[in-house]
Amino acid sequence: MFYALVHFPAIATTQINQLRKEYDPQVNLIDPHITLVFPIEGALDDEQRLIDHIANVLTAWKPFYIHLHGLAQSSDNYLYLTLQKGNTEVVKLHEELYTGILADYKREDILFIPHVTLGVLHQEEHQSTQALKQAKKLNLSYHCVLHRLHLLKFASHHSPISLSKEFLL
């Protein structure tokens, strides 16, 4: 079993999903989201300990505004919708979550960039250019409040996702 912690922004997702249908193989598995704890394999022997850890970290947090606007392509060819406001807070929350029982799961080899994934691009330069051009035309810009997180669990990266627990900030 895998676990991940995400925020589903309360935004209109029609335009995002237009891009995702073309470029994101997980479009039918999960709605647009910001990942705060990346999928970890269920080496955590006790789901309740994970829930307690997340709840404990979140006791110090209050809801905050985010503005999703701007595009970036990661070094591993993902196309992101990035945060223009709330980025610092999301990074700080991510860091706090990766303490305690999650400390050993933190990826030190990659920089955490808060984002909504728009697609996974293949190596072909044409596809990357086309996807970026399409995304720019949409001028994606969303304001919302990050006020709840969802602990998800799933059997594999390509299997249906179920909600384990919702947390309010």
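Points worth noting:
- Share of pairwise Cα separations in the chain, more than 26 Å, in percent: 28 percent
- Under 14 Å from the Asp46 label point (7 Å along Cα→beta-carbon), backbone N, the stretch 102-124: 102
- Filter on Lys21/Lys136; Lys62/Lys92; Lys106/Lys165; Lys85/Lys137 - keep pairs with C-alpha separation over 18 Å: Lys106/Lys165; Lys85/Lys137
- Amide H contacts of Leu169 (H built 1.01 Å from N, in plane; Pro and chain starts excluded): Arg148, Leu149 sit under 5 Å, all sequence-distant by 5 or more or on other chains.
- Separation in nanometres of the label points that stand 7 Å from Cα toward Cβ, at Asn77 and Thr13: 2.5 nm
- Relative to the current alpha-carbon distance between Ile113 and Lys85, full extension at 0.36 nm per residue lengthens the span by 8.8 nm.
Every number in this text was worked out from the coordinates using simple rules, so none of it is lab data. Because the structure is a prediction, the values reported are computed rather than measured. Virtual Cβ from ideal backbone geometry, glycine too; neighbours counted across all protein chains shown.
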